[in-house]
Amino acid sequence: MIRPCFLIIDKEYSGSISTRKLVIETAKFNVITAYSGAEAIETLAVFPAVHGIVLDAGITDIPAVELCKTLKEMGPGIPIVLIGRPANVSAPQADHYVDSFDPTAVLALLKSLEPQKAAAIAQHDAALKD
């Protein structure tokens, strides 16, 4: 089984890793993390086969609109999920928007992007419990 892999672009905090990374990994999805727009561009160039990109709209080194545009040029078929407060989110190139305060919504959306693989993971988990 090949698990979906997502590029997470999140703010970096001293001494901690991305909370979104942890949430997404609980669904047994693979995660590659970038802590800036520039790092995300470099990472996508090295790992272009991701199943989706999750972008925190609060990343400050590259405006979200510009970063989404660049990422779409690099991977036109890769869905971008922009996360932020609804009043502050604006990037026409993003495919989906999620309120930053609802990690379950992010996880549900990512599962909907890869429903067959998400179902296979759930089925595998159920079999482990037996």
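The values are calculated or read from the model by the stated rules, or taken from the named source; none is laboratory data. As the structure is a prediction and not an experimental result, all values here were calculated from the model. Cβ: placed from backbone, ideal geometry, glycine included. Neighbour counts: every protein chain shown.
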Discussion item. For the list (1) more than 13 Å from the chain's Cα centre (by Cα); (2) buried (at least 18 other Cβ atoms within 10 Å of the Cβ), I need the number of the one condition that residue 82 fails.
Written reply: (1)
Discussion item. Given the options 104, 33, name the one that is crowded, with 19+ Cβ neighbours inside 10 Å, of a type in the set (S, T, N, Q) and within 30 Å of residue 126 (Cα to Cα).
Written reply: 33
Item to complete: State whether the residues of region 104-113 include one that is outside any helix (DSSP H, G or I) and either among the hydrophobic types (A, V, I, L, M, F, W, C) or under 24 Å from residue 2 (Cα atoms) (or both).
Response: no
Discussion item. Can you report the number of residues in region 1-27 which are in contact with a His (Cβ under 7 Å, 6 or more places away or on another chain) and modelled with pLDDT of 85 or more?
Written reply: 3
Worksheet item: For the subset of region 8-25 comprising residues that are part of a helix (DSSP H, G or I) and in contact (Cβ under 8 Å) with a residue 24 or more places away in the chain, which member is nearest to residue 116 (Cα to Cα)?
Response: 24
Worksheet item: Quick check: is even one residue across region 54-67 surrounded by fewer than 16 Cβ atoms within 10 Å (Cβ to Cβ) and either closer than 22 Å to residue 116 by Cβ or of a type in the set (Lys, Arg) (or both)?
Response: no
Worksheet entry | Test result for residue 48, at negative phi, of a type outside the set (Val, Ile, Thr) and exposed (fewer than 13 other Cβ atoms within 10 Å of the Cβ) | yes
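For every residue, the table says whether it meets (1) under 21 Å from residue 111 (Cα atoms); (2) in a strand (DSSP E or B); (3) small (Gly, Ala, Ser).
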{"position": "1", "(1), (2), (3)": "yes, no, no"}
{"position": "39", "(1), (2), (3)": "no, no, no"}
{"position": "48", "(1), (2), (3)": "yes, no, no"}
{"position": "55", "(1), (2), (3)": "yes, yes, no"}
Worksheet entry | Complete set of residues in region 31-45 that are over 14 Å from residue 12 (Cβ atoms) and of a type in the set (D, E, K, R) | 42
Fill in: Subset tally (residues that are within 16 Å of residue 21 (Cα to Cα), hydrophobic (A, V, I, L, M, F, W, C) and buried (at least 17 other Cβ atoms within 10 Å of the Cβ)) for region 107-130
3
